[in-house]
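Chemist: Okay, here's the structure, questions in a sec.
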Ligand code: SOE
């Protein structure tokens, strides 16, 4: 890292799981990658002064704020990193962009298409003045995913026919698992569909370079009420029922699982599944792409490996090849460790910071853009309306290009 590079003052809103992952990335990126700007972790923002100060010390932030509007107004802040529940994204992002701050916003971009449209429009206006924005779909920055995209672009699997994608977790299988904001529609927008389904929509569109144009799906909620964590008398989240253990119950107002069929612009067909009830699966993001000349398969639970089947290989030696994606010529790997040492979940966040800072330094649009995030939001909304109507739904706005910038 060039210590003489101009500083980039970063302010982050939120310090839970995503805040910790983003903090690690801001700390690490300049030490492993050459960046045109030197990120300074200037301010961490959270409503509780005591807790945000503790988090700032633990995560490496210089100062704290308890009001995001003050963070956005600070002259020393050049970029706002949004790591908060989806219902806050639009207000923070639009305010920051209008204040001339670059923005990194966690996924999904927003809780509704209308909010995502407002964010994409603000991003478009800000970009006219060199202010950049990106939505945080980090899994596309896994080296094996980058290699998969490269192989598809090079035509190594031919014409894409099938896209098969699952995002399988099981952290809600136990009905005693308590309420969280992720289970409340007014905070999260949706459940598994937006939280993890958004990831596999982005991933499959990124790998194939294509867009989902119609969907037909269903959403299901298996457990409709859950204990309110630390509930005392009277502290209610929605329902005021009391279960057998005496804990007060909150209403789950989002989906526990989303399954849908999809057709891509090229005519390829897709099968998608996003669930928090895949008992035994912890963070299994599985993608398989079948083409006319071969196939690719990936499982995040074995994230340093890409499976590749070359249909042009003579049959006596044909079979899925296990590519260990740890060679220096593989995306991002050259800045880390020697072959075979492997990367982890957190590296995608570091790669995200690298790509964002480099794009800002070069004065170009970082990807995925807010427009890409809006397109994913349209897919999510189409799945929701398909589940309500039991019919196929289109995903693109009338005037929107089906093939975006991603
Ligand atoms: C919870 O489902 C969660 O933390 C998601 O919100 C993240 O986007 C995903 O990467 C891991 O699981």
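Chemist: If I model a spin label as a point 7 Å beyond the Cα along the Cα-Cβ vector, how far apart are those points for residue 48 and residue 222 in nm?
Modeler: Spacing of the two 7 Å Cα→Cβ label points: 3.0 nm.
Chemist: Here's another thing I want to ask about it. Mind checking the full-extension length gain between residue 28 and residue 324? Use 0.36 nm per residue of separation minus the Cα-Cα distance, one decimal, nm.
Modeler: Once the chain is fully extended between residue 28 and residue 324, it gains 104.2 nm.
Chemist: Something else: Taking the alpha carbon gyration tensor of region 257-368, what are the square roots of 5 times its eigenvalues, largest first, to the nearest whole Å? Don't skip to the end; give the middle numbers.
Modeler: Details: eigenvalues 140, 96, 64 Å².
The equivalent ellipsoid of region 257-368 has semi-axes of 26, 22, 18 Å.
Chemist: Take the eigenvalues of the Cα gyration tensor for the chain, scale each by 5, and report the square roots as semi-axes in whole Å, largest first.
Modeler: Gyration-tensor ellipsoid for the chain: 32, 29, 21 Å.
Chemist: Here is a further query. Evaluate the distance, in nm, between pseudo-label points positioned 7 Å from the Cα of residue 5 and of residue 70 along their respective Cα→Cβ axes.
Modeler: Label-label distance for residue 5 and residue 70, simple model: 3.1 nm.
Chemist: How high is the relative contact order of region 7-139, in percent, with contacts defined as C-alpha pairs under 8 Å that are six or more residues apart?
Modeler: Averaging sequence separation for qualifying contacts and normalising by length gives 23 percent for region 7-139.
Chemist: Quick one: if you stick a label point 7 Å off each Cα along the C-beta vector at residue 345 and residue 186, how many nm between them?
Modeler: 3.0 nm
Chemist: How high is the relative contact order of the chain, in percent, with contacts defined as C-alpha pairs under 8 Å that are six or more residues apart? Before the final figure, lay out the partial values.
Modeler: Values: 925 pairs, mean separation 80.7, N = 406.
Once normalised by length, the contact order is 20 percent.
Chemist: For region 7-139, count all C-alpha to C-alpha pairs, find those more than 22 Å apart, and express that count as a whole percent of the total.
Modeler: Cα-Cα pairs in region 7-139 separated by more than 22 Å: 31 percent.
Coordinate-derived values only; no laboratory data. The shown structure was predicted, so the numbers you read here are calculated from the model rather than taken from an experiment. Positions of Cβ are generated from backbone atoms using ideal geometry, with glycine treated the same way; all protein chains shown enter the neighbour counts.
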